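Asker: Please find one structure pasted underneath; my questions will follow.
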Amino acid sequence: MTDVPLGHVGPAPAADVEDVELYHPHSWITKYVFSQDAKVIAIQYSLTALSVGLIALVLSWLMRLQLGFPGVFTFIDANAYYQFITMHGMMMVVYVLTALFLGGFGNYLIPLMVGARDMVFPYVNMLSFWIYFLAVLILVASFFAPGGPTGAGWTLYPPQAILSGTPGGQDWGIILMLVSLMVFIIGFTMGGLNYVVTVLQGRARGMTLMRMPLTVWGIFTASFMALLAFPALFVGAVMMLFDRALGTSFFMPAIVEMGQTLDRNGGSPLLFQHLFWFFGHPEVYIVALPAFGIVSDLISTHARRNIFGYRMMVWALLAIGALSFVVWAHHMYVSGMNPYFGFFFATTTLIIAIPTAIKVYNWVLTLWRGDIHLNVPMLFALAFIVTFLNGGLTGLFLGNVVVDVPLSDTMFVVAHFHMVMGVAPILVIFGAIYHWYPKVTGRMLDDTLGKIHFWVTFLGAYLIFFPMHYLGLMGVPRRYYEIGEMSFVPLSAHTLNAFITIVALIVGAVQLLFVFNLFWSLRHGRASGGNPWRATTLEWQTPETPPPHGNWGKEVPTVYRWAYDYSVPGAAEDYIPQNQPGTQSSAGMSHG
Amino acid sequence: MAVALILVVIALGSVVFHLLSPWWWTPIASNWSYIDTTIVITFWITGAVFVAIILFMAYCIYRFRHQPGRQAHYEPESKRLELWLTVVTGVGVAAMLAPGLFVWRQFITVPQDATDIEILGQQWQWSFRLPGPDGKLGITDTRLVSPDNPLGISKEDPNGQDDVIVEGGELRLPVDKPVKALLRSVDVIHNFYVPEMRAKMDLVPGQVSYIWFTPTRTGTFEILCAELCGVGHPQMRGSVVVQEQSEYQAWLEGQASRSFARLAPAAQ
């Protein structure tokens, strides 16, 4: 937390190497396809992830059609239904959210926000995207493989994932899924190392760690966590691939399948669950922490007020990141693991609620005595607080081991995790796109379309997932192709399911409006200028918008203050850019 | 203004929905009413926090909305306020965790007088095994499973000779007697779930897990599989029939003589 004394910061010394033409791309291919510019890579990541997101959206429509109107759509049989939910889940968690936050926003924002010209390893950065792209192709290919994609559920629990009772278990589906995940992890590792090293080594003069915007802190912490968490999934995938393809028994005990005794023995299905969730729980925060960071900056900028309790926000991010590695087995309370684990994992899980709650308080306290501009990005940020709070609080039910017993594996869980790591982070993604689109394109997204998109998405998502908790509370299990006759489920529950489906179709449809807005505003949007939101952080201070390769023209910026000098008393404007020298000190941080 | 109003509607609407919705848990039929109590405590605490924070947000959005001439207050942090909030949150969390862990200890501590029964899952049906007159279950091995020995019971073990086997049918239990269900699977992971019993635990191939409960009222309750086990997952149903002690005993004796004949060494 050392602060660079204002007086001692001189202009950056001349670069050791001249800016030679060689660095810059010369052909269309090196500029737009095999580009080494983090900003182009960011756009490639984002467009690919958004495309996968559209596929996942259609899959969610299909599964909701079956749940809302069972038996009406005959082309959705049980096999197809399980394939849809599996692909929807895996696509959203890994190929959309992780890729978009880290590969998309990470690539675009880290170099610009810390005042670097690019990522530290641009070539590896390019490879990272193309390997990710390959992983997506392999995943999508499984739709066309014999037997179709795997229907094992996104958690891929063995033994069922590799047996014949599950779609794709004895066909190509599960193999392609595992290979795709392995390829994804290889690609991500290249990107993740880049993000971490760039934050640690590539910052501009004066950009101390405790002056970084929370967006960078969130993405940095998440990347670091992902580098530690993904290897567990990688190992699990390798072992399961061996079990499936080579007949090993890492996860396979003695099994009699449909009357046939299999030639397997001694493996442990629980071992896979531990590996999976050792990845899977940090993964929740790998998605959440970038969202936390971004939303902090959106709220601060649009409330024209410094983020409240910046240092606490940073420590809370780090605490959540560290704690998230010791809570994984709360996904396994009813898995048949040693029940005494329950005491430990319930305690760690509920402790993690404390730093998380602090973050929520500080977002809300940033609004307190602010000057709130309800721009579209701000609307999404506010909606994030509502949905994240809701989903976080239901997490206290599921984390508290004994309360989890009746709720586990029911629709309550589905509602909880969609609210907390589906809806909430996606609202942040939308907010962030509305916020940074002007920097990427030089034009504003259309406001009216944005507001329609916002209200339908936010209210619709709340109407979908809030009542869904009560289906789970009643006992309706998740991952049921059809509820059928259940003595304790009243007719009204089926009506509720139909209602949820209709709302889901509408919310899905309005996303097409958003996609339209993205393309339409590219040409017809209002010109934005370099800093339309009058924000302090460095990415808004580039000499050109959109920033060219190398970002800063001749001279990289020097940083004189923290990222949150909004409405400083006595200042001429209600914001002071980080690279503006002057005596208006960064009051809050000077005692760091 | 509209935004603040909608947030108020969301906060209050959620509470109204909670109170008025027809969808609530099934009437309990086991000793685990403690779990329900813990859920109710959790609802109160989290509900209060939810409403308080959303209403505060709505107030801020209304009160501090942008107007000409407004300037935000510059205050980077308040250690005092942050400390207070942390402490209050800690207390709230402890208030939920403590009863939770207390009940969990009961949940995993099987009483001495519980009767062992076995529940076996396979794609996609339930089977059950009850101890015969000797009150003991015989040992099993998945590798012994065959068409005439679907549960893989070892014929060497005398304890298993009189075990009562129920395939793909109903699990009968006497009311007010604690049972310890030993859970076993021969193929993939399943989950024994009876909503009215608040009971749920995975059946994992290669190991034996357990769950215990005391049925507290007679009746028939549905058994669902709650762990995805392949395409037949939603069809994997069964039922628990809780009977008066005398009725149960009469049924059990009828069954015991039948299985005895089937599994006796002479019949091999």
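Asker: Using the basic label-point model (7 angstrom from Cα toward the beta carbon), what is the residue A:54 to residue A:141 distance in nanometres?
Answerer: 2.3
Asker: For the protein assembly as shown, state the average projected area of the convex hull of the C-alpha atoms over all orientations, rounded to one decimal in nm². It would help to have the intermediate numbers written out before the result.
Answerer: Working: hull surface 143.5 nm².
Averaging across all directions leaves 35.9 nm² for the Cα convex hull.
Asker: I need to check one value: relative contact order of segment B:115-267, counting alpha carbon pairs closer than 8 Å and at least 6 residues apart, in percent. Each step should come with its number before you reach the end.
Answerer: Numbers: 353 pairs, mean separation 40.0, N = 153.
Relative contact order comes out at 26 percent.
Asker: What's the exposure ranking of B:60, B:229, going from fewest to most Cβ atoms within 10 Å?
Answerer: Lowest to highest Cβ neighbour count: B:60, B:229.
Asker: Can you give the angle from 0 to 90° between the axis of helix A:173-201 and the longest principal axis of chain A, with both taken from C-alpha atoms, to the nearest 10?
Answerer: So the helix axis and the longest Cα principal axis differ by about 20 degrees.
Asker: Can you list which of the DSSP-assigned H helices in chain B have a Cα extent of 20 Å or more along the long axis and an average Kyte-Doolittle score of at least -0.5? Walk me through the intermediate numbers first.
Answerer: Details: long enough: B:2-20 (26 Å, 2.78); B:33-63 (44 Å, 1.59); B:79-108 (42 Å, 1.05); B:245-263 (26 Å, -0.83).
The qualifying helices are B:2-20, B:33-63, B:79-108.
Asker: Something else: Total Lys pairs in chain B closer than 20 Å by alpha-carbon, pairs eight or more apart in sequence or interchain only? Please list the in-between numbers first.
Answerer: Numbers: B:136/B:155; B:136/B:177; B:136/B:180; B:177/B:200; B:180/B:200.
Qualifying lysine pairs in chain B: 5.
Asker: At 0.36 nm per residue, minus the direct Cα-Cα distance, what do residue A:524 and residue A:210 gain on full extension? Give it in nm, one decimal, please. Working shown, then result.
Answerer: Values: separation 314, 0.36 × 314 = 113.04 nm, distance 3.93 nm.
Length gained, residue A:524 through residue A:210: 109.1 nm.
Asker: May I pose another question? At 222 nm, what helix-only mean residue ellipticity would chain A give, in deg cm²/dmol to the nearest 500, using -39500 (n - 2.57) for each DSSP H run of four or more? Write out the running numbers ahead of the final one.
Answerer: Details: 16 runs with 326 residues, N = 592.
-19000 deg cm²/dmol, from helical runs alone.
Asker: Along the Cα-to-C-beta direction of residue B:17, a point sits 7 Å from the Cα; which residues of segment A:369-402 have their amide N less than 20 Å from that point?
Answerer: A:380-398
Asker: If you take every DSSP beta bridge whose two residues both sit in the protein assembly as shown, what share of them, in percent to the nearest 5, is antiparallel?
Answerer: Numbers: 35 of 50 bridges.
So the antiparallel bridges in the protein assembly as shown amount to around 70 percent.
Asker: Against the longest principal axis of chain A, how steep is helix A:214-245, in degrees 0 to 90 to the nearest 10, with axes from Cα atoms?
Answerer: 30
Asker: With contacts defined as alpha carbon pairs under 8 Å and 6 or more residues apart, what's the relative contact order of segment A:116-273 in percent? Write down the numbers at each step before the final one.
Answerer: Working: 213 pairs, mean separation 35.8, N = 158.
Result for segment A:116-273 is 23 percent.
Asker: Based on DSSP, what percent of beta bridges with both residues in segment B:115-267 are antiparallel, to the nearest 5?
Answerer: Values: 29 of 42 bridges.
The answer is about 70 percent antiparallel.
Asker: So, one more: May I ask for the distance between the Cα centers of segment B:172-230 and segment A:501-563, given as a whole number of Å?
Answerer: Their Cα centres are 54 Å away from one another.
Asker: Only Cα pairs under 8 Å and at least 6 apart count here; give the relative contact order of segment A:261-413 as a rounded whole percent.
Answerer: Values: 135 pairs, mean separation 47.0, N = 153.
Averaging sequence separation for qualifying contacts and normalising by length gives 31 percent for segment A:261-413.
Asker: Does a label point 7 Å from the Cα of residue B:155, set along Cα-to-beta-carbon, have any residues of segment A:232-264 with amide nitrogen under 19 Å, and which are they?
Answerer: Correct set: A:261.
Asker: So, one more: Give the angle, between 0 and 90 degrees and rounded to the nearest 10, that separates the Cα long axis of helix A:424-441 from the longest principal axis of the Cα atoms of chain A.
Answerer: The helix A:424-441 is inclined about 40 degrees to chain A.
Asker: Just to check, using Stokes-Einstein with a Kirkwood Rh over alpha carbon pairs, what's the diffusion coefficient of segment B:115-267 at 25 °C and 0.890 mPa s in µm²/s? Mind showing how you got there, number by number?
Answerer: Details: Rh = 15.5 Å.
Taking Rh from Cα pairs, D becomes 158 µm²/s.
Asker: Whole number please: convex hull volume per residue of the Cα set in segment A:472-592, in Å³? Walk me through the intermediate numbers first.
Answerer: Numbers: hull volume 32.1 nm³, N = 121.
Spread over its residues, the Cα hull of segment A:472-592 gives 265 Å³ apiece.
Asker: Straight distance only, please: which lysines reach the Cα of residue A:439 with their own Cα at less than 16 Å, same-chain residues fewer than 8 apart left out?
Answerer: Cross-link targets: A:39.
Asker: What full-extension length gain, to one decimal in nm, is calculated for residue A:248 and residue A:573 as 0.36 nm per residue of separation minus the Cα-Cα distance? List each step's numbers first, then the result.
Answerer: On the way: separation 325, 0.36 × 325 = 117.00 nm, distance 6.72 nm.
My answer for the length gained is 110.3 nm.
Asker: Please compute the Kirkwood hydrodynamic radius over segment A:98-225, one decimal place, Å, based on all pairs of different Cα atoms. Walk me through the numbers on the way to the answer.
Answerer: Working: mean 1/r = 0.0622 Å⁻¹.
With all distinct Cα pairs of segment A:98-225 included, I get 16.1 Å.
Asker: What 222 nm value per residue comes from the helices of chain B, counting each DSSP H run with n ≥ 4 as -39,500 (n - 2.57) and dividing by all residues, nearest 500 deg cm²/dmol? Working shown, then result.
Answerer: Numbers: 4 runs with 99 residues, N = 268.
-13000 deg cm²/dmol, from helical runs alone.
Asker: Taking neighbour counts of Cβ atoms within 10 Å as a proxy for exposure, in what order, fewest first, do B:113, B:163 appear? Mind showing how you got there, number by number?
Answerer: Working: B:113 8, B:163 25.
Going from least to most buried by this count: B:113, B:163.
Asker: Another question about this same structure. So how strong a dipole does the protein assembly as shown carry about its Cα centre when Lys and Arg Cβ are +1 and Asp and Glu Cβ are -1, to the nearest 20 debye?
Answerer: Numbers: 44 positive and 52 negative charges, 448 e Å.
Dipole about the Cα centre, nearest 20: 2160 debye.
Asker: Please give the charge dipole size of chain B, origin at the Cα centre, charges +1 on K and R Cβ atoms and -1 on D and E Cβ atoms. Round to the nearest 20 debye. Intermediate values should be presented prior to the final figure.
Answerer: Values: 20 positive and 25 negative charges, 248 e Å.
Value, rounded to 20: 1200 debye.
Asker: Still on this model: Based on the Cβ-Cβ distance from residue B:115 to residue B:87, what FRET efficiency comes out when R0 is 56 Å, to the nearest 0.05?
Answerer: Numbers: r = 47 Å, r/R0 = 0.84.
So the FRET efficiency works out to roughly 0.75.
Asker: Name the aspartates and glutamates eligible as straight-distance cross-link partners of residue A:31: C-alpha to C-alpha under 14 Å, and not fewer than 8 places from it in the same chain.
Answerer: List returned: A:21.
Asker: Next up: Roughly what would the spin-label model give for residue B:80 and residue A:451, points 7 Å off Cα along C-beta, in nm?
Answerer: 4.1
Asker: Here is a follow-up. At a 10 Å Cβ-Cβ cut-off, how would you order B:34, B:193, fewest neighbours first?
Answerer: Working: B:34 17, B:193 25.
In order of increasing Cβ crowding within 10 Å: B:34, B:193.
Rule-based calculations on the coordinates, nothing more; no lab input. On a predicted model such as this, the values are computed, not experimentally measured, just so you know. Virtual Cβ from ideal backbone geometry, glycine too; neighbours counted across all protein chains shown.
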